[in-house]
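Structure, as C-alpha cells:
The values are calculated or read from the model by the stated rules, or taken from the named source; none is laboratory data. Because the structure is predicted, anything quoted here is derived from the model rather than measured. FYI the Cβ positions are ideal-geometry reconstructions off the backbone, even for glycines, and counts take in every protein chain you see.
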Amino acid sequence: MTTARRLDGYTLDDWESLDPQEGRRIELVDGRFVVTPTPAFKHQRVGDRLARILDDAVFAEGMEAVTAVGVRVGKAFGYIPDVVVVTERVETVSVDVANVALVVEIVSPSTKKSDRLEKPAALAAAGVPAYWRVEIEGEDGPTVYCYRLDNGVYAEIATLTPGSRGSVVVTGTVAVTFDPADLHRTRR
C-alpha cells in the first residue's frame, strides 16, 4: 500500500488507487482503511454459488450479480461486499451505490459487527433497495436473512433456512427460489 495517510482521512480516489493486496480485502470506512482477511473457502463457495443463482435470475432484466466488487457510498465509504447485484455492467474496480440493487454479505468471524450492524445501516442510508445477510455457521447449512428497504431502514422480508426451498424477490419482479443448504454442499 503506497497511499500516505491524510490528516482528513482517505478518499474514494485513494481507495480505488490501491494496489491489490493478496490475502486481504481493504475497505474504506469513514475515511480510514479497514483490512480483513480473504474469506475462507466455505465462505467463498457460498458466495460464488449464490452469485450464480442471482446472476441467472437478474440477467434477463439487464442486471448482473458479481462478487467482491467495490461499492462507493458517499465520499468516505468504499465497501467490498461478497455479492452485489448491479443495475449496469461493471467494468471498473468499483460501482456507485446508485447502481446497486442488492448487497449480500456472508458473515465471517472477523466481520460479524460490520455485516450485521454497520454495513446495513450505511447501505440503507444510501438507498440500496435490498440487503441479504448469510450466516454460514449452521450445522445443516447457511441461513439467509433477506431485507428490503422500507422508509430508510431494512425490514426483514424472508428468512431462508437450510432444508427448505424458499423464494424471495431480488428486485422488482425478479425472484429466486433455492435451498440454502445447496450453497455449501460439495458437488462431488
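Data table
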item: Residue tally, condition under 12 Å from residue 141 (Cα atoms), surrounded by 11 or more Cβ atoms within 10 Å (Cβ to Cβ) and hydroxyl-bearing (Ser, Thr, Tyr), over region 172-188; result: 0
item: Looking only at region 72-83, and only at residues there that are within 9 Å of the chain's Cα centre (by Cα) and hydrophobic (A, V, I, L, M, F, W, C), the one that is surrounded by the most Cβ atoms within 10 Å (Cβ to Cβ); result: 83
item: Residue that is farther than 22 Å from residue 126 by Cβ and among the polar types (S, T, N, Q), where the choices are 92, 38; result: 38
item: Residue in region 51-68 that is modelled with pLDDT under 90, under 17 Å from the mean Cα position of the chain (by Cα) and closer than 30 Å to residue 173 by Cβ present; result: yes
item: Among (1) under 17 Å from the mean Cα position of the chain (by Cα); (2) free of Cβ contacts under 8 Å to residues at least 40 places away in the same chain; (3) crowded, with 18+ Cβ neighbours inside 10 Å; (4) over 16 Å from residue 132 (Cβ atoms) - the single one residue 86 does not satisfy; result: (4)
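Results for (1) assigned to a strand (DSSP E or B); (2) acidic (Asp, Glu), shown as yes or no for each residue.
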position	(1), (2)
110	no, no
116	no, no
120	no, no
128	no, no
133	yes, no
139	no, yes
157	yes, no
176	yes, no
